[in-house]
Amino acid sequence: MSIGTITPDFSGSTVLVTGGAQGIGYEIASYFLFAGARVAVFDHDKTRLDEAWGGVEHVHLSAVDVSDGNAVRTAVDEVVAWAGGIDTAVNNAGIARDAVVWKLTDEQWDSVLAVHATGTFTVTRSVVPHMRAAGAGRIINVTSYTGMHGNVGQSNYAAAKGGIIAFTKSVAKEVARFGITCNAISPNASTAMVAAVPPDKLAEMTASVPAGRFAEASEMAPAVGFLASQQAAYVTGIVLPVDGGVSM
Ligand SMILES: NC(=O)c1ccc[n+]([C@@H]2O[C@H](COP(=O)([O-])OP(=O)(O)OC[C@H]3O[C@@H](n4cnc5c(N)ncnc54)[C@H](O)[C@@H]3O)[C@@H](O)[C@H]2O)c1
């Protein structure tokens with residue numbers, strides 16, 4: 001789907017997107033590249049990262065696991081050395097490891113909390129000093145309907161995504177006086193993560209969408225573009241659903 005006739009202009013900006021090797025993160029990174037930004041893409045899957053982005057101009061790649069705070073700090077410093085700063089950070093990397101709570105393993109719990117909650121924290125902690133030095137910045141986190149309303153088989157994911165909402169609001173309060181905003185989007189898009197849902201459950205999920213369909217991943221990007229824009233300077237601490245009405 002086309003993003004429409006209004007071409008946003010992010011030339012001169014540097015945007016960091018985590019989990020940008022595929023899915024929603026890939027589309028967000030593509031959107032900003034198309035809009036003239038330099039784009040840094042973090043993903044732990046080096047093969048997929050290189051397949052998706054290898055050789056693309058104005059793109060900096062880091063094969064990094066966002067739950068590793070030291071690796072993230074180094075990777076963020078490399079982006080700053082490459083681009084001179086970071087204007088926008090999009091914390092999008094995610095995984096799902098579903099099971100009802102009485103069957104949930106330590107590994108399923110820890111890995112989901114590590115990627116979503118810890119990963120959102122490590123990147124935010126590392127980019128804020130650079131944004132403070134610049135006197136401006138945009139942090140955009142990716143949460144979920146499940147983080148607000150819960151879901152069967154996803155208590156780990158719900159805890160992580162609910163945590164991201166509370167984190168978003170706390171950080172928004174901490175950084176507002178430095179010209180930095182911190183917001184979240186709550187997507188609903190057809191990606192590999194959704195394709196992994198069992199068919200009967202997926203049919204039920206699709207039926208619950210007022211718009212009657214899952215979005216294309218590319219339909220998430222313009223909402224992120226708005227939150228990253230100068231026009232959104234007075235918007236902070238919100239969760240913007242881009243979900244066809246699911247969260248109504
Ligand atoms: N697709 C949806 O409908 C939907 C709904 C609500 C929320 N979300 C959220 O949107 C985000 C993107 O989801 P998606 O559907 O595009 O999923 P996806 O599985 O297609 O992409 C996720 C990306 O994150 C990367 N990743 C995973 N663990 C990582 C780590 N430790 N470090 C760095 N990168 C890592 C993966 O390699 C992959 O490229 C996730 O945070 C997800 O929870 C998606």
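The values are calculated or read from the model by the stated rules, or taken from the named source; none is laboratory data. A quick note: this is a predicted structure, and the numbers were derived from the prediction, not measured. Heads up, the Cβs are rebuilt from the backbone with ideal geometry, glycines too, and the neighbour counts pull from every protein chain shown. These accessible areas exclude ligands, DNA and RNA; they are computed on the full protein's heavy atoms, side chains included. Shrake-Rupley method; radii C 1.70, N 1.55, O 1.52, S 1.80 Å.
Inspect region 49-59 for any residue being in contact with a His (Cβ under 7 Å, 6 or more places away or on another chain), over 18 Å from His130 (Cα atoms) and either within 16 Å of the ligand (Cβ to nearest atom) or open to solvent by 10 Å² or more (accessible area, probe 1.4 Å) (or both) and give the result as yes or no.
no
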- request: Inspect all residues belonging to region 178-186 and state whether any of them is in contact (Cβ under 8 Å) with a residue 24 or more places away in the chain and surrounded by fewer than 19 Cβ atoms within 10 Å (Cβ to Cβ).
  value: yes
task: Kindly establish whether Lys161 is modelled with pLDDT under 95, within 16 Å of the ligand (Cβ to nearest atom) and of a type outside the set (Asp, Glu).
output: no
field: Top-ranked residue in region 122-158 [being of a type in the set (A, V, I, L, M) and not in a helix (DSSP H, G or I); ranked as farthest from the ligand (Cβ to nearest atom)]
entry: Ala136
field: Close pairs from region 38-56: first under 15 Å from Gly94 (Cα atoms), partner part of a helix (DSSP H, G or I) and within 14 Å of the ligand (Cβ to nearest atom), Cβ under 7 Å, at least 6 apart
entry: Val41/Ala29; Val41/Leu49; Val41/Trp53; Phe42/Ala75; Asp43/Leu49
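Here is a yes/no grid of residues against (1) under 27 Å from Ser13 (Cβ atoms); (2) within 16 Å of the chain's Cα centre (by Cα); (3) in a helix (DSSP H, G or I); (4) β-branched (Val, Ile, Thr):
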position: Ala166; (1), (2), (3), (4): no, yes, yes, no
position: Arg177; (1), (2), (3), (4): yes, no, yes, no
position: Ser186; (1), (2), (3), (4): yes, yes, no, no
position: Met193; (1), (2), (3), (4): no, yes, yes, no
position: Asp200; (1), (2), (3), (4): no, no, yes, no
position: Glu204; (1), (2), (3), (4): no, no, yes, no
position: Pro210; (1), (2), (3), (4): no, no, no, no
task: Just one of (1) more than 16 Å from the ligand (Cβ to nearest atom); (2) buried (at least 19 other Cβ atoms within 10 Å of the Cβ) trips up Gly94, so point out which.
output: (1)
message: Condition first: within 18 Å of Thr122 (Cβ to Cβ), among the polar types (S, T, N, Q) and open to solvent by less than 30 Å² (accessible area, probe 1.4 Å). Can you find one or more residues in region 64-78 that meet it?
response: no
message: I'd like to check something: does region 223-237 contain any residue that is in contact (Cβ under 8 Å) with a residue 60 or more places away in the chain, part of a helix (DSSP H, G or I), within 15 Å of the ligand (Cβ to nearest atom) and buried (at least 20 other Cβ atoms within 10 Å of the Cβ)?
response: yes
field: From Thr105, Thr118, Thr74, residue being farther than 16 Å from Leu16 by Cβ, more than 19 Å from the chain's Cα centre (by Cα) and not aromatic (Phe, Trp, Tyr)
entry: Thr105
query: Can you spot a residue in region 130-153 that is basic (Lys, Arg) and open to solvent by 50 Å² or more (accessible area, probe 1.4 Å)?
result: yes
query: Glu219 passes all but one of (1) more than 11 Å from the ligand (Cβ to nearest atom); (2) open to solvent by 40 Å² or more (accessible area, probe 1.4 Å); which number fails?
result: (1)
